[in-house]
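J.: Here's a structure for you.
The values are calculated or read from the model by the stated rules, or taken from the named source; none is laboratory data. Model, not experiment: these values are computed from the prediction. FYI the Cβ positions are ideal-geometry reconstructions off the backbone, even for glycines, and counts take in every protein chain you see.
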Amino acid sequence: MGIYDDLGVRPVINASGTLTRLGGSRMAPEVLAAMAEAAASFVHIDELQSRAGNVIAEITGAEAGYVVAGAAAGLTLGVAACVAGMDVAKMDRLPDTTGMKNEVVVQRGHRNAYDHAIRAVGVTFIEVGYLGYPGAGGTWGWQIDAAIGERTAAVACPILATPGTLSLPEVAAIAHAKGVPVVVDAAAELPPRANLRRFIAEGADLVVFSGGKAIGGPQASGILAGRADLIASVALQHQDMDVRHETWNKRSLLAGGALSGIPHQGFGRAMKVGREEIAGLVVALKRYVAGSDDADAARWHTLLQSVAAPLAGLPHVRAVERCSPGRPVPVLTLDLDEAKLGVTAYDVVNRLLAGEPAVAVGESRAEFGTITVAPQGLTEDEAEVVGQRLCAVLRGER
């Protein structure tokens with residue numbers, strides 16, 4: 001018996017990737033050990049964050065870093081920093097941004113469901129460009145330039161391959177010419193590992209990565225890296241400051257005039273990170289950087305071969321291993337002839353989840369008769385089970 005048995009929750013074999021709804025990724029034993037060790041003692045969280053930030057800065061090439069409660073929290077806190085800066089009165093009022101810089105410029109082709117995290121700060125998106133497609137539409141640089149004004153807090157530039165949108169270096173050049181920071185959502189842009197430094201090098205003032213996906217850290221963790229002044233604002237808005245002037249360990253900011261007062265219970269209070277997540281994320285990040293994209297790809301290929309083996313020769317099913325451009329993560333795609341099989345892709349997804357053991361596969365293209373198997377969350381034994389369960393369901397068995 002274990003915790004899931006005690007709670008009456010069925011474990012799921014994760015063949016669909018590092019999805020939040022399934023818990024992200026598997027943490028290595030040394031990551032779990034670091035979290036347990038951190039939980040056994042108390043520390044000043046801001047001191048721990050500072051040391052962790054040094055590690056993040058060194059790895060990403062940024063001026064500073066910070067551990068956040070997931071990439072979405074990083075976007076929220078990062079934009080809050082762009083709006084409030086080091087102004088304690090503005091920090092205190094968020095998300096009421098009346099009279100502040102409260103606009104974020106974004107290319108129309110870059111709007112997405114995750115930018116809700118940016119809107120939570122109380123800002124308004126100023127969309128520019130058109131919904132691009134090959135050969136027409138898209139965004140021109142002058143449109144971004146014209147949209148930036150006295151109320152612009154930042155330019156949002158998520159890493160999305162939308163046809164016709166301007167690249168991060170192009171966006172950064174335009175924004176920086178007007179003194180406006182660029183915030184990059186790179187939550188799922190690992191691997192390749194080179195991306196940890198790429199976006200800062202290309203001009204991002206702040207960039208977020210998920211800690212619970214490729215990095216293999218706690219699911220409720222993420223990395224925020226970028227300009228030191230913006231990270232300083234994040235740190236002040238993130239922790240509660242229920243302290244006195246005489247004892248605050250940052251009172252030098254008051255003496256030097258950087259702050260007019262001590263911020264209290266900031267906007268980021270709801271997104272606090274525990275010492276366990278900070279310790280686990282740092283260990284996971286170091287472990288990830290020490291690894292190899294090629295070694296990961298080879299292991300994933302082997303796992304997908306195990307999944308595909310029982311499907312060989314299965315009628316009305318075409319199984320092909322593919323990689324998306326620039327993303328060295330192979331995925332097994334299963335294109336189904338639904339009419340001849342007598343089941344839809346959605347039927348297969350639901351039967352796999354309802355069976356024993358429960359298996360979750362990728363369903364983002366199920367409407368087109370395609371399901372996918374992603375290898376990141378699989379062990380060797382689980383890969384074999386996934387192949388057997390797929391074969392059984394596609395043969396009409398339960």
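J.: Looking at segment 30-89 only, could you name the residues that are among the acidic types (Asp, Glu) and not in a loop (DSSP other than H, G, I, E, B)?
T.: Once the filter is applied, which keeps residues that are among the acidic types (Asp, Glu) and not in a loop (DSSP other than H, G, I, E, B), segment 30-89 yields 30, 37, 46, 47, 58.
J.: Please enumerate the residues belonging to segment 195-222 that are without any contact (Cβ under 8 Å) to a residue 60 or more places away in the chain and of a type in the set (A, V, I, L, M, F, W, C).
T.: Selection gives 199, 204.
J.: Regarding residue 278, is this residue in contact (Cβ under 8 Å) with a residue 24 or more places away in the chain, surrounded by fewer than 19 Cβ atoms within 10 Å (Cβ to Cβ) and in the same structural domain as residue 230 (by TED's automatic domain parsing)?
T.: no
J.: Can you name the condition, by its number, that residue 239 falls short on among (1) more than 19 Å from the chain's Cα centre (by Cα); (2) over 20 Å from residue 101 (Cα atoms); (3) crowded, with 24+ Cβ neighbours inside 10 Å?
T.: Checking residue 239 against (1) more than 19 Å from the chain's Cα centre (by Cα); (2) over 20 Å from residue 101 (Cα atoms); (3) crowded, with 24+ Cβ neighbours inside 10 Å, the one that fails is (3).
J.: Condition check: surrounded by fewer than 24 Cβ atoms within 10 Å (Cβ to Cβ), touching a residue at least 60 places away in the same chain (Cβ under 8 Å) and touching a helix residue (DSSP H, G or I) at 6+ places or on another chain (Cβ under 9 Å). Does residue 55 satisfy that?
T.: Spelling it out, residue 55 is indeed surrounded by fewer than 24 Cβ atoms within 10 Å (Cβ to Cβ), touching a residue at least 60 places away in the same chain (Cβ under 8 Å) and touching a helix residue (DSSP H, G or I) at 6+ places or on another chain (Cβ under 9 Å).
J.: Looking only at segment 266-275, which residues are surrounded by 13 or more Cβ atoms within 10 Å (Cβ to Cβ) and either of a type in the set (A, V, I, L, M, F, W, C) or more than 29 Å from residue 216 (Cβ to Cβ) (or both)?
T.: Selection gives 266, 267, 271, 273.
J.: Moving on. Do we have residue 117 as in a strand (DSSP E or B) and in the same structural domain as residue 216 (by TED's automatic domain parsing) here?
T.: The answer is no for residue 117.
J.: Say we look at segment 142-167 and pick out the residues that are exposed (fewer than 14 other Cβ atoms within 10 Å of the Cβ) and either small (Gly, Ala, Ser) or outside the structural domain of residue 98 (by TED's automatic domain parsing) (or both); which of these is nearest to residue 82 (Cα to Cα)?
T.: 149
J.: Only residues that are basic (Lys, Arg) and touching a Ser or Thr at 6+ places or on another chain (Cβ under 9 Å): list them for segment 41-96, please.
T.: Once the filter is applied, which keeps residues that are basic (Lys, Arg) and touching a Ser or Thr at 6+ places or on another chain (Cβ under 9 Å), segment 41-96 yields only 90.
J.: Let me ask something additional. Kindly indicate whether residue 200 is in contact with a helix residue (DSSP H, G or I) (Cβ under 8 Å, 6 or more places away or on another chain) and within 15 Å of residue 68 (Cα to Cα).
T.: For residue 200, the condition - in contact with a helix residue (DSSP H, G or I) (Cβ under 8 Å, 6 or more places away or on another chain) and within 15 Å of residue 68 (Cα to Cα) - is not met.
J.: For a quick check of your reading of the model, give me the residue pairs whose first member lies in segment 70-92 and is assigned by TED's automatic domain parsing to the domain that holds residue 254, whose second is of a type in the set (D, E, K, R), with beta-carbon atoms closer than 7 Å and at least 6 apart or on different chains.
T.: Within 7 Å, the pairs are 71/185; 75/185; 83/90; 83/101; 84/90.
J.: Residues that are within 20 Å of residue 22 (Cα to Cα): which helices (runs of 4 or more DSSP H) entirely in segment 295-398 hold 3 or more of them?
T.: Output list reads 345-354, 380-394.
J.: Out of the residues in segment 31-49 that are more than 14 Å from residue 276 (Cβ to Cβ) and either at pLDDT 95 or above or charged (D, E, K, R) (or both), which is surrounded by the fewest Cβ atoms within 10 Å (Cβ to Cβ)?
T.: 47
J.: Can you pull out the residues in segment 145-190 that are of a type in the set (A, V, I, L, M), more than 17 Å from residue 79 (Cβ to Cβ) and assigned to a loop (DSSP other than H, G, I, E, B)?
T.: 160, 161, 166, 188, 190
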